[in-house]
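One structure is given below, encoded as structure tokens.
Only the coordinates and a few stated rules stand behind these numbers; no lab work does. On a predicted model such as this, the values are computed, not experimentally measured, just so you know. For neighbour counting, all protein chains shown are included, and Cβ atoms are generated from backbone atoms with ideal geometry for every residue, glycine included.
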Amino acid sequence: MDLPLEISFVNTDRSAAVEKLVQERAQALARHCGRLIKCRVAIEMTGRHSRKGGKFRARIDMKLPRRTIVVGKAQDSALAHDDVYVAVRRAFDAARRQAQDFTRRRRGEVKAHEAPPHGRVVKLFPEEGYGFVRMADGQEVYFHRNAVVGADLAKLKIGDEVRVSVHEGESEKGPQAGTVRPVGRRHLGPEA
């Protein structure tokens, strides 16, 4: 393989089988990416405990022309696993996805996703278990407490911004929401 590959082991013993897996996955990644300049992989065992072994994490630093991709940072616990082989596969899968995304963006093949419909809660009837959302176009949409996702109806307040999926048919109270998902305060935009 022409690719300069560096493999290191941190807080764990070197393993020929793991090295072979890393080499195979790095070669596959290099074939997929085309112009992979450098790849460093660190296999690390974190959090050793007296009764139970720690978790393995694979950190991958890949250098592409005009881009460096890093996978498996310390705060990324989703890639950590009890099995070192699973940790390596997860890390290389994540690296492949990031490389694919970079390639698509570079080629201009990124899809533009339509923003989900937003609105603001304008009426609440917590005792009865429903409320209304005013959409950006001024239409008021009825929602039942069971349609609220990611929060409780009691936690909603008038003026809260929400994402809404509207059912095709109407309820006895007009257009009805299938789901109402509160949007975090950091995502609030101009008044709807």
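Put +1 on the Cβ of every Lys and Arg and -1 on every Asp and Glu Cβ in region 5-107; which of Asn11, Met45, Ile69 then has its Cα farthest towards the positive end of the dipole?
Ile69
Arg14: net charge of surrounding residues, Cβ under 14 Å, Lys/Arg +1, Asp/Glu -1, itself excluded? Please list the in-between numbers first.
Working: positive: Lys20; negative: Glu6, Asp13, Glu19, Glu44.
For residues surrounding Arg14, the net value is -3.
Tell me, what does the Kirkwood hydrodynamic radius of region 118-185 come to in angstroms if you use every pair of distinct C-alpha atoms? Write out the running numbers ahead of the final one.
On the way: mean 1/r = 0.0872 Å⁻¹.
For region 118-185, inverting the mean 1/r across all distinct Cα pairs yields 11.5 Å.
Sort Ile37, Ile60 so the one with the fewest other Cβ atoms within 10 Å of its own Cβ comes first. Intermediate results must be reported in sequence, preceding the final value.
Values: Ile37 14, Ile60 23.
Ordered from fewest to most neighbouring Cβ atoms within 10 Å, Ile37, Ile60 come out as Ile37, Ile60.
Hey, got the dipole for region 5-107? About the Cα centre, +1 on K and R Cβ, -1 on D and E Cβ, debye to the nearest 20?
On the way: 25 positive and 11 negative charges, 119 e Å.
For this selection, approximately 580 debye.
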